[in-house]
1. Return the long-range amide H neighbours of Gly220 (sequence gap of 5 or more, or a different chain), with a cut-off of under 5 Å between placed amide H atoms.
2. Can you name the helices of the chain, as whole DSSP H runs, whose Cα span along the helix axis is 20 Å or more and whose Kyte-Doolittle mean is not below -1.0?
3. Please state, to two decimals, what the Cα-based radius of gyration of the stretch 367-425 comes to when divided by 2.2 N^0.38 Å (N = residues).
4. Quick one: if you take sqrt(5λ) for each eigenvalue of the C-alpha gyration tensor of the chain, what semi-axes come out, biggest first, whole angstrom?
5. Mind scanning Lys142/Lys333; Lys57/Lys123; Lys180/Lys284; Lys142/Lys180; Lys90/Lys319; Lys28/Lys180 and naming the pairs with a C-alpha gap bigger than 23 Å?
6. Rank-order 160-168, 311-319, 135-143 by packing density, defined as the average count of other C-beta atoms within 10 Å over each peptide's residues, highest first.
7. For the stretch 333-458, what class follows from the C-alpha gyration tensor (a ≥ b ≥ c being the square roots of its eigenvalues): rounded when a/c is under 1.5, otherwise prolate if a/b is larger than b/c, else oblate?
8. Work out the charge dipole of the chain with +1 on the Cβ of Lys and Arg and -1 on the Cβ of Asp and Glu about the Cα centre, then indicate which of Ser413, Thr331, Ser23 is farthest towards its positive end.
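Each value in this text was obtained by applying a stated rule to the coordinates, not by laboratory testing. These numbers were taken from a predicted model, which means no experiment stands behind them. Virtual Cβ from ideal backbone geometry, glycine too; neighbours counted across all protein chains shown.
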Amino acid sequence: MKKLWGGRFQKTPEQWVDEFGASIHFDKELVEEDITGSLAHVEMLGNCGIITKDEAKEISNGLTTLLEKAKRNELNFSVNYEDIHLNIEKLLIDEIGPVGGKLHTGRSRNDQVATDMHLYLRKHVEMVVELIEGLQASLVSKAEAHVETILPGYTHLQRAQPISFAHHLMAYFWMLDRDKQRFEESLKRINISPLGSAALAGTTFPIDREFTAEKLGFEGIYENSLDGVSDRDFIIEFLSNSSLVMMHLSRLCEEIILWCSQEFQFIELDDTYATGSSIMPQKKNPDMAELIRGKTGRVYGNLMSLLTILKGLPLAYNKDLQEDKEGMFDTVKTIEGSLQIFIGMIDTLKVNKENMEKATKEDFSNATELADYLSTKGMPFREAHEVVGTLVYQCIQSGIYLKDLPFEEYKKSSNLFEEDLYEVINPFEAVRKRMSAGGTGFEMVKKAIQKAKISLEG
Ligand code: ARG
């Protein structure tokens, strides 16, 4: 079939080569952005007298019809027209006749495709920010219900010191807060217009780039036409910001998976977010958490892939750049889906308060308390550490915990011990007293939650 660009060619490519080169099977995702961009472009062509106002009107009407059809999923695309841009142009000409061929005056698919992707990512970054806020709200409300639920905090995955479960959840709130800031900040670079850069060098037509930029809601234009058509930094930034979100989600996934294991039994997931086994009737597997942990790898892969595509690519447009899209679409779908699932998973998560607390009692995560106790009474901390370490060893030998060790034994190891030590090593008290800024003390956690709520409203 004759190509829209077929003038200088003596033969048409074979079908299978066409199919290899085409992008329509994935860039049809950009249909609405493509038509929206064209509508702004054609209005500008009319305003600047590059085509007549009547022609502009006719093209504009044709594009509006196509946009409505696109929304109803009624457009039929063909691989013979390679990509979304040529497909829309062909459909426009079918719709309104040869005047449709004037739409492409003063522009190229190179600035067109870049414009489409800027519009597409702007929309999706806004959606991602909303979803992040949704997940932050879920974390805050789960945290509010569990300020005084205590569990062991871990280092090296060994019980370290008791903490509030709310404090643990809120750690993720702040990670997501940084993620949100990164996305919001990236909008500055996403929301600029490459349209009018044309193929690479600008155009001889008296176009008005500011007009199209403003019409499309962009905050400015690319200063350099070569940069305008070959920049994909904004997509890399999106992939990188998404990788960070996925990394954070994946860490929480891992904790959720551990917490609902028989070994921990700290939480139970709602049935919606778990699956059974086809062979083992007793199983309830945390599939969604595992899947999101797994999908994190894909998102990292998409980032590495685009960085590699861009590496060493000469200016300006090269067909390599067509490879920027699938990873971007895949990442958008993955991050939006993962955040959505996460909101539901956190909202419906049941917390096994008793088991969490039990874990703080049947261990030595209160040993630091005892060392701090001695050092407040004047013993150098290093010495206190040694005394308590020896007591811990003694307990392990007799199969008991610090709370079970008789007072005489304490007295034997240091005169500084008094009966109030048993109160001090109560894990609940240990948490309550950690009132340093950003610490896990209940009152501190309540304050942090208030601060978080204000930041969500702001
Ligand atoms: N489908 C192409 C892409 O996604 C559109 C730009 C094509 N430009 C060109 N000169 N071949 O990159």
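1. HN-HN under 5 Å from Gly220: Ser193.
2. Long hydrophobic helices here: 31-47, 53-71, 109-144, 165-190, 233-259, 287-310, 325-347, 381-398, 442-457.
3. 0.99
4. 62, 22, 19
5. Exceeds cut-off: Lys142/Lys333; Lys57/Lys123; Lys180/Lys284; Lys28/Lys180.
6. In descending order of packing, they fall as 160-168, 135-143, 311-319.
7. Taking the square roots of the gyration eigenvalues as a ≥ b ≥ c, the stretch 333-458 is prolate.
8. Ser23
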